[in-house]
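Right, one structure below, let's go through it.
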Amino acid sequence: MLLARQSTQNVWEIISDEIIPCKILMGFADGALVLVKLGNNQEILELEQAKYWVMGLVETYLTHGAITPEWVEKEQEKVEQWRQEITAKSLDLTRRQLELETQKEQLQELEGKLNNKE
């Protein structure tokens, strides 16, 4: 049963109970947490115990001193950059929406003028 899927290097998305049949016999106990490499047809290509991967996450993010003020500052800068990008996209969408509304009103005016001439 798949629990999550890696979308980018440090980003995982939770998935809802996707089951993939496994034809590889690796000797893992029921309930073992493993990393799976999937092929294009959702077939399992590789299985690996997740212990060292999880311990790497703990060491990187959860041990004393792992989250430094510098790391927090970098993350805040990333968040601010994303916020600015989203704000710019929102403003662009608002501008486009106003342009479309203006064009719609102009078309309605032209249609009204054409209907009055007939």
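The values are calculated or read from the model by the stated rules, or taken from the named source; none is laboratory data. Predicted model only: the values in this text are computed from it and were never measured. Every residue, glycine among them, receives a Cβ derived from its backbone with ideal geometry; neighbour counts consider all protein chains shown. Accessible surface areas use protein heavy atoms only, side chains included; no ligands, DNA or RNA. Shrake-Rupley method; radii C 1.70, N 1.55, O 1.52, S 1.80 Å.
Across the stretch 16-36, the qualifying residues are those that are open to solvent by 80 Å² or more (accessible area, probe 1.4 Å) and within 30 Å of Glu75 (Cα to Cα), and the one among them that is modelled with the highest pLDDT is Leu33. For Glu77, the test of being within 24 Å of the chain's Cα centre (by Cα) and more than 30 Å from Leu38 (Cβ to Cβ) is passed.
Checked against (1) under 23 Å from Asn10 (Cα atoms); (2) open to solvent by 100 Å² or more (accessible area, probe 1.4 Å), Gly39 passes all but condition (2).
So is Glu13 modelled with pLDDT under 85, open to solvent by less than 100 Å² (accessible area, probe 1.4 Å) and not in a helix (DSSP H, G or I) or not? If you could, list the steps in order and put the result at the bottom.
Working: modelled with pLDDT under 85: yes; open to solvent by less than 100 Å² (accessible area, probe 1.4 Å): yes; not in a helix (DSSP H, G or I): yes.
Yes; evaluated as a whole, the condition is true for this residue.
Of all the listed residues (Thr68, Thr60, Thr94), the sole one being hydroxyl-bearing (Ser, Thr, Tyr) and at pLDDT 90 or above is Thr94.
For Leu93, are the conditions met, namely being under 23 Å from the mean Cα position of the chain (by Cα), over 17 Å from Leu3 (Cα atoms) and open to solvent by 80 Å² or more (accessible area, probe 1.4 Å)? It is true that Leu93 is under 23 Å from the mean Cα position of the chain (by Cα), over 17 Å from Leu3 (Cα atoms) and open to solvent by 80 Å² or more (accessible area, probe 1.4 Å). From the list Gln6, Gln106, the lone residue that is open to solvent by 70 Å² or more (accessible area, probe 1.4 Å) and either in a helix (DSSP H, G or I) or at pLDDT 90 or above (or both) is Gln106. Of the numbered criteria (1) closer than 30 Å to Leu2 by Cβ; (2) within 22 Å of the chain's Cα centre (by Cα); (3) open to solvent by 80 Å² or more (accessible area, probe 1.4 Å), the one Gln84 fails is (1).
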